[in-house]
1. Could you please find all residues in the range 1-49 being at pLDDT below 95, of a type in the set (Gly, Ala, Ser) and under 18 Å from Asp103 (Cα atoms)?
2. Could you tell me whether the range 50-58 includes any residue that is open to solvent by less than 60 Å² (accessible area, probe 1.4 Å), at pLDDT 95 or above, under 20 Å from Lys110 (Cβ atoms) and among the β-branched types (Val, Ile, Thr)?
3. May I ask you to list the residues in the range 6-45 that are basic (Lys, Arg) and touching a residue at least 60 places away in the same chain (Cβ under 8 Å)?
4. Please verify whether the range 62-80 includes one or more residues that are modelled with pLDDT of 95 or more and not hydrophobic (A, V, I, L, M, F, W, C).
5. Within the range 75-127, which residues are open to solvent by 50 Å² or more (accessible area, probe 1.4 Å), aliphatic (A, V, I, L, M) and part of a strand (DSSP E or B)?
6. Restricting to the range 167-180, name every residue that is crowded, with 17+ Cβ neighbours inside 10 Å, within 15 Å of Glu140 (Cα to Cα) and of a type outside the set (A, V, I, L, M, F, W, C).
7. Residue check: is Leu154 touching a helix residue (DSSP H, G or I) at 6+ places or on another chain (Cβ under 7 Å) and surrounded by 21 or more Cβ atoms within 10 Å (Cβ to Cβ)?
Amino acid sequence: MPIVTSKENGFTIYQKDTGVRFGEIVKKYLAGELPSVSLGSGNEDRTVAVVEYEGKKYIVKNDREKDKRLEKRLQNYLSGPFFSKLIYATDRAITQGYTGTADLYYVAEKMVGRECENVFTLHEYVEGTPLKVIDDSNREEIKNCILALHRAGLASNDIHAGNFIRTPEGELKVIDLSCRGSMRVCQANDILTLRKKYHLEVEGHGAVYRAIRLKEDFRKLSRRLRGKVSSHA
């Protein structure tokens with residue numbers, strides 16, 4: 001699907017060319033002209049809402065938060081803006097027939113250098129029920145869902161029950177992708193989470209995975225050593 005770019009009021013805009021004026025949906029939402037329900041992000045610098053336009057629901061997000069951690073700010077500077085990359089990556093996956101995540105229709109980013117200080121996004125609304133827990137009843141399905149996401153060239157980087165939706169047709173979809181930075185690193189993080197947090201048998205491959213695993217093992221050892229020092233103090 002073609003993605004049209006433009007500039008407006010200091011924002012660089014990326015919009016899927018489907019015939020729907022996605023930018024107008026965001027503007028009408030901000031003007032209070034559309035029915036909407038706030039989903040509450042728990043962060044005053046982030047807003048998430050369900051809006052309805054011409055009988056169809058969408059998710060509108062606004063993120064103005066700046067990560068104060070030096071490591072993350074450096075990572076964001078080196079990798080550049082996230083959502084303008086995600087709209088292309090998601091489009092490639094869906095064009096190839098992948099249906100396991102929500103589509104991303106519209107991104108408006110305001111950049112300062114290589115850091116994004118304000119972004120609006122418009123996403124597909126996935127009908128269904130969020131999972132309440134990841135347990136023995138769905139762990140294998142979660143694994144297959146994530147592996148399919150990886151094959152589509154994407155990653156979650158934030159695997160927990162609330163980021164999976166069970167549709168009325170019974171399909172499991174992963175939402176709210178947080179694959180900032182290197183996609184390979186984010187995929188490696190997913191594999192480690194499946195293995196260590198959810199105790200799933202899944203193989204990680206490649207130098208990136210091995211490096212991330214070594215880093216996590218070092219952190220675990222460091223915490224253990226600090227705990228021993230504290231207990232003997």
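1. Answer for the range 1-49, where residues must be at pLDDT below 95, of a type in the set (Gly, Ala, Ser) and under 18 Å from Asp103 (Cα atoms): just Gly19.
2. no
3. Lys16
4. yes
5. Met111, Val112
6. Lys173
7. Criteria met by Leu154.
Here is a yes/no grid of residues against (1) open to solvent by less than 80 Å² (accessible area, probe 1.4 Å); (2) under 28 Å from Arg114 (Cβ atoms):
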site	(1), (2)
Lys7	no, yes
Gly10	yes, yes
Tyr14	yes, yes
Thr18	yes, no
Arg21	no, no
Ala31	yes, no
Ser38	no, no
Val48	yes, yes
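The values are calculated or read from the model by the stated rules, or taken from the named source; none is laboratory data. Not measured: the values here are computed from a predicted model. Counting neighbours? That spans all protein chains shown, and the Cβs are built from the backbone with ideal geometry, glycine included. In case anyone asks, the SASA skips ligands and DNA or RNA and just uses the protein heavy atoms, side chains included. Shrake-Rupley method; radii C 1.70, N 1.55, O 1.52, S 1.80 Å.
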